[in-house]
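Structure record follows, encoded as structure tokens.
The values are calculated or read from the model by the stated rules, or taken from the named source; none is laboratory data. None of the values given here were measured: they were computed from a predicted structure. Note: ideal-geometry Cβ built from the backbone for every residue, glycine included; neighbour counts use all protein chains shown. All accessible areas refer to the heavy atoms of the entire protein, side chains included, with ligands and DNA or RNA removed. Shrake-Rupley method; radii C 1.70, N 1.55, O 1.52, S 1.80 Å.
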Amino acid sequence: MLSSVIIVLREALEAALIVSILLAVGRLTGLRSRWCALALFLGLMNSWLIAGFSSQIADSFDGAGQELLSVSLLSIIIICLMGIGIYIVRAMNGVIVTLRDNIHSTPYQNRQLTIYLLLIGAVVCAVSREGSEVWIYLASFLHDSVAAYPAFIGGAIGMGIGASLGVIFYYGFLFVSYQHFLFVGILFLALIAGGLSVQIVQDLMQTGFLDSTMPVWDTSGWVAENSLLGQLLYALIGYEARPTALQLIVYVCVVSPFIVLSVWHRYKKPENNS
Amino acid sequence: MKTFKLQLSICFWLCLFLSAIECRADTPVFTIEIRNHLFNPSTLVVPSGKKVKLIVHNLDETPEEFESYELNREKIIMGGAKATIFIGPLDPGDYPFFGEFYPKTAQGIIKVQS
């Protein structure tokens, strides 16, 4: 049962972090949180679909279908996170009026729709990706009634722990970033996006499309990837004990726009706000 | 919208490229079977400094996930299915791998030798 707790927890943690930080971002900019329920529901449906068609997906594109789907979902999440980063900057500028101001003009509603779509998109893709693996794992026990019970219980426990960690992270993020919302918010989005991009490179190397190279360093002696800290860092910043040069380059390329965005906002001339 | 179109076209060319890539003649191919939640062979010797193609054939009915932290690879292999995983080039040494769904029994090592 312990192994099922760990397996489900690992997947739930990755999705929970994304959900909790985006919920916090929405909360801090005055958005209603109802988008999250829809996103979780859609993500769940999608993850069931993916798990159901996993054999066909795996066989497609000369056996590279699974990785290609993963790369596509990760890319969509990264694009959504970048859009949300821009949204945070504009919210800090006062360009986007929050719901508290109760303004219902059409341009305002369009902007709101965009940000809700970005938030929902990111969560749906994250939950689909992680959830499908959990369903595939749990479904394998349907044939085995003896092992099914502890596996499902372990899965529920793992899900619960993941959700709890997400809640802790949500409140922790609200507490920390209330004072420095822009910097902390964009920093977390940047690190998560960077971590996802590292996974994209790994998937492409696995299919042979990208050539793998020797790792640049090996920090597994300091923080092992399969330790608790390693797993937390993996979910949060995409920690890799043995990153290749390409992964480092891609990480920097994905994180940089976020940093540039926040620095640019910090030092630009103040606009005339109404 | 522009970024999305770019992403879409990249995906398209990616797919085209992948379907065109055949196994290169000089890429060694190794096969590992999964039977009763065990890897067979559990120890594999591969050459160093070269890209290696692993074919993992899951002979069980239930899925397994081939995973290795040292190799930085993880792939779910459905029951009865074969999966292709490229590893390397690697320095000489031992690179353990395991089946994430049955970690106690499904374990193996890839020994890289020059």
| field | When residues of segment B:88-114 are limited to those that are facing chain A (nearest Cβ under 7 Å) and open to solvent by less than 20 Å² (accessible area, probe 1.4 Å), the one farthest from the chain's Cα centre (by Cα) | value | B:PHE101
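In contact with a helix residue (DSSP H, G or I) (Cβ under 8 Å, 6 or more places away or on another chain), surrounded by 20 or more Cβ atoms within 10 Å (Cβ to Cβ) and either free of Cβ contacts under 8 Å to residues at least 60 places away in the same chain or closer than 25 Å to B:ASN36 by Cβ (or both): does that describe B:ASN58?
So B:ASN58 does not fit the description; no.
Yes or no, residue by residue, for (1) over 15 Å from A:PRO243 (Cβ atoms); (2) in contact with a Lys or Arg (Cβ under 8 Å, 6 or more places away or on another chain):
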{"site": "A:LEU142", "(1), (2)": "yes, no"}
{"site": "A:VAL146", "(1), (2)": "yes, no"}
{"site": "A:GLY155", "(1), (2)": "yes, no"}
{"site": "A:ILE186", "(1), (2)": "yes, no"}
{"site": "A:LEU189", "(1), (2)": "yes, no"}
{"site": "A:GLY195", "(1), (2)": "no, no"}
{"site": "A:ASP203", "(1), (2)": "no, no"}
{"site": "A:THR213", "(1), (2)": "no, no"}
{"site": "A:TRP217", "(1), (2)": "no, yes"}
| note | Reported set for segment A:34-89 where residues are more than 12 Å from chain B (Cβ to nearest Cβ) and open to solvent by 60 Å² or more (accessible area, probe 1.4 Å) is A:ARG34, A:ALA37, A:LEU38, A:LEU40, A:PHE41, A:LEU42, A:LEU44, A:MET45, A:TRP48, A:LEU49
